[in-house]
1. Once every DSSP H run of n ≥ 4 in the protein assembly as shown is given -39500 (n - 2.57) and the sum is divided by its residues, what mean residue ellipticity at 222 nm do you get, rounded to the nearest 500 deg cm²/dmol?
2. Take C:Met266, B:Met145, B:Met198 and order them by how many other Cβ atoms sit within 10 Å, fewest up front.
3. If a/c stays under 1.5 just call it rounded; otherwise compare a/b with b/c (prolate if a/b is bigger, oblate if not). Do that for the stretch A:87-129, with a ≥ b ≥ c from the square roots of the Cα gyration tensor eigenvalues.
4. Given charges of +1 on the Cβ of Lys and Arg and -1 on the Cβ of Asp and Glu, with all other atoms neutral, how large is the dipole of the stretch B:205-264 about its Cα centre, in debye to the nearest 20?
5. Dividing the Cα radius of gyration by the Kirkwood radius, what Rg/Rh value follows for chain C?
6. Give me D for the stretch C:176-312 in µm² s⁻¹, whole number, from Stokes-Einstein with Rh from the Kirkwood sum over alpha-carbon pairs, 37 °C and 0.692 mPa s.
7. Placing unit charges on C-beta atoms (Lys and Arg positive, Asp and Glu negative, everything else neutral), compute the dipole magnitude of chain B about its Cα centre in debye, rounded to 20.
8. Hey, with R₀ at 35 Å, roughly what FRET efficiency would B:Ser339 and B:Asp38 work out to, going by the Cβ-Cβ distance, to 0.05?
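Every read-out reported here was derived from the displayed coordinates using simple, explicitly stated rules and does not represent laboratory data. This one's a predicted model, so the numbers in the text were calculated from it and none came from an experiment. Note that we place each Cβ from the backbone using ideal geometry, even for glycine, and neighbour counts take in every protein chain shown.
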Amino acid sequence: MDNTYDTAQRKSLSWSGLVLNALLVLGVLVSIFPFYWLIVMATRTNEDIFAYPPKLLPGPHLLDNVQRMLDSINFWGSFANTAIVASLSAVLTMFLASLSGFTFAKFRFPGRNLLFILILATMMVPSQLSTVPSFVIMANIGWVGTLQALIVPGLAGAFGIFWMRQYATAAIPNDLIDAGRLDGCNHFQLYTNVALPLLRPALAFLGIFTFINSWNDYLWPLVVLINPDRITLQVALAQLQGLYQTDYALVMAGTLMATIPLIVIFILGSKHFIGNIAAGAVKS
Amino acid sequence: MEHSRSSRRRFLASAAAAPLVLTGCNVPGFSSRPEGDDDTIVLWYWNRSIDPQLFRDFEEAHPGVTVNDQLVGGDYASRFNTTLAGQAFVPDVVALNNDISRYFPDADQFVDLYEMGAEEDRHLYLDWKWKAGETLDGRLIGYPMDTGPLALYYRHDFFEQAGLPTEPDDVTAQFAEWEDYFEAGLELQQALPGVRMMDNVPYIYLMTLMQAQEFYVNRDQVYVGDGESVRRAWDVALQAYGMDLAARVNPFTPDWSAGVSESSFASFVGAVWMKQFLLESGNNVAGTWRVAQTPGGPGNQGGSFIGITKYARNKELCFELIRTIMSPESQVRMYKSLSLFPSAIDALEDPVMSEPEDFFGGQPTAEQFVTTAKELEPFYFSPAYPIAHGIFNQEITDVVLGGAPEDVAWDEAQKQAKRELQHKAPWVKWEEAS
Amino acid sequence: MGVHTVAAPPEAPASTIQTPTRSGWERWRDRYLGIYLSISPFFIIFAIFGLFPIAFALYIAFQQWNGIGDMTFVGLDQFRYLVTDPLFRKSILVTIQIWIISTVPLGLAFLLNQAMRFRMTYRVAFFLPNVTSLVAIAIIFSSIFGNQFGLLNAGLQGIGAERIAWLNEPWGIKVAIAAMVVWRWTGYNAIIYLAGLQAIPDDLYEAAKVDGATQWNLFKDITVPLLRPVILFTLITSSIGGLQLFTEPQILVGNTGGPNNEGLTMVLYLYQQAFVQNQFGYGAAIGWGLFAIIVLFSIANYLIVGRRSDNG
């Protein structure tokens, strides 16, 4: 495992290594720069932003801009909505995907393959195909403009069940299940007592993944949350930009406030996240 | 181990139950029922379509009642349509634009105002306006709001210099037809090099079209885009183009405002609400403009209606609100505060309509618009209108601005209209010309 | 394997134990009830919100409907219109053009991972673009690519060049969108390539070097072929993702896709037709068009990249 690392180290001392390292540093700078620029714009006045030559350092006006932004849109309301939706989506998805994934992984039952193929088949279908019919369905069950319209459809995501099934197959030894059976556990108890503890790392990943995707979701909330008083953060941000286009300081302050929470969560949870994404990609 | 297991299960259980419980209660966020009760009216309108003070007055007159007026920006009709499709958060009362008949196929989404007793008010309003809010099978879904009678705005000083009549009545008499107006235009442009007779050609197309009673699809849902009304508007516009009578500035642009203040054009045809733009742009030329009747007959562009959706909780209260804010007195008030031209007959005869206006050299221009308003005939906008008009407008703009050949553009427009309408308005009937 | 077979009580002749006779139903219940109950929440939701919409989308695509009132059945008309619709074709073109511009730098990810050290900071930095909301990114980039006062134009002015009205130019719009896509995925892809790289056993390299292989040989004959599944994975995910672009163009240039629809991607067109023009039937048809294009694209990707002749 270390070998590529050693090679990399040796390489880094050579000429090509130097170039590649420079590239790496450049890559990091490029990745970070837009965030830096966001901070600069959010802390300056519009005159500064539109000035030429541009001011490249952050300024002192963050609080003013944030205050103006808070007066312009229902930031905290949409923040709360987004937090609720993302949290519930994450928790419920973790629950459903792990329960179902565990069942598919470790048990044989009639229809098992058929059902799973059904799930796989829908993975090929783009979600936007369902946008119009889903809206109509929501209209007919009275869920247009509600938060459950954002939470519930996503709970039956193919990725989650796929991921948990993979993991469960590998991580849960059959003997433990047998032992549980002998102890008289019913299926659900097997899930809570045997499976859940073993599935924790995969659950952590799925939870964060689902949380982030739910937080960032745009098209579906835009379509289904037709009440402008009750929207999520992304939709609010888009509205802010639409209404106050040229007031960059205002819009950027909102963007900054909307982005920070997720960055914090991501950094805190990054070790669960990054390793798993890479591993998952390689395995598939 | 036991503790964490059971607490985990409790957590799971409550997590699963939460959304179900919340759906049941009227918890904000989880319910699609609008907030408020039977004494709240949710109303949608767009900027400057109604004077909000009228809402406050209504609230005062009816203690305990709240009017939750919501200004809706952007694509109003599209938002309203999507809301109706979503069957959630539909307003109780809604302002509707001049193309109200686009809602006729979905008339069941609105309350039939005749059922609320609207027939009693019919005599208060201009007949054509009242009829325009009525569906083809006699349901009244839109109560009259304001109107947009057209007029010819002109620079009387330029007309004088060109040897043309200057008094509004004389101008009206002289320019009975568009051709007369264009002929005079040539004379004026010769006498005053550097000044054009009108602002732009594509808008003339629209103005002429608005003098007709049916446009691209008639009341029987038969396509008439190759028929008289459209052909006339097309020909008139192209005549003006051929005679090079336009300054090529589009209304609602800074160029147009500059054209006013720099006196680049001597006249234009527009609705009563163009007055506001003229006033805003023409400070330096105040006193030089007058208003006369449009060549070719009276026309109307714009104007609105107000209706009650079937989702309204307290329909009687909503109807009360509508009658109050659209009463002749209220319409006079809105004319004074927002220049919204009334549709109520008594309002049209109010003394305020005869007040001289400084900007127009003391002419009481409202009188001209009242004359027009009273002469208008009922018209019909099919739901296909926005689609068809977009196409024709584009084609004529291509001719005028891009130099496309006229007959090619006409055929293109017909072809495109057929294709689009068959796709988006499949109920339209196509009769082959013999 | 067969877990439940162990747990069933033995019907063995152990005479001492009087097991009550159990009906077939009870046996079935013990065996399967827990299982089906466990997967049913998922499948109920899946049926209602996953499967049914797809079938419904087909139904709606055969109708002319504004979302309210009655639907008018029009047969294949929406699809007929779709394949002759110049605006839909434009949206396909725009989407693919943006995809091309944003996929070419895929090689960048490759280069990056060659030098990648294992430091967490790098990985966090490279992942950050990927987890940030598209709306936020689009807003930031629309200011950088601003028509007059953006950072890029400031840079151009600084070197004495003319300012470009990025969001008014056909290629400007596409470059701006592609820039966002590249920025978002390069770091992510680099990390994935690194993981894939680490999965290649070092013995292969050692053996080849003993045989006198050069660096280039190692790269061409070992690294690339063994990384092919990973490359395919990133290519397919980027294709499918790229074909579904919506947020970036919508925030950047609005619902019409900007001047001359140069930023009108397929999904933006779908949104515009269904929810701005209130053409629900046509919107559903566009969804099917999108699906068809994605399938074609995936097949093409697989044929081109996935089945190149094996080298070793």
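1. Numbers: 47 runs with 592 residues, N = 1030.
After summing the helix terms and dividing by the residues of the protein assembly as shown, the value is -18000 deg cm²/dmol.
2. Values: C:Met266 27, B:Met145 30, B:Met198 24.
Starting with the residue having the fewest Cβ neighbours, the order is B:Met198, C:Met266, B:Met145.
3. Numbers: a/c = 3.73, a/b = 1.09, b/c = 3.42.
It comes out oblate by the Cα gyration axes.
4. On the way: 4 positive and 8 negative charges, 10 e Å.
For the stretch B:205-264, the charge dipole is close to 40 debye.
5. On the way: Rg = 27.3 Å, Rh = 24.2 Å.
Reported Rg/Rh (Cα atoms, Kirkwood Rh): 1.13.
6. Working: Rh = 17.8 Å.
In µm²/s, the coefficient rounds to 185.
7. Dipole of chain B, to the nearest 20 debye: 2340 debye.
8. 0.50
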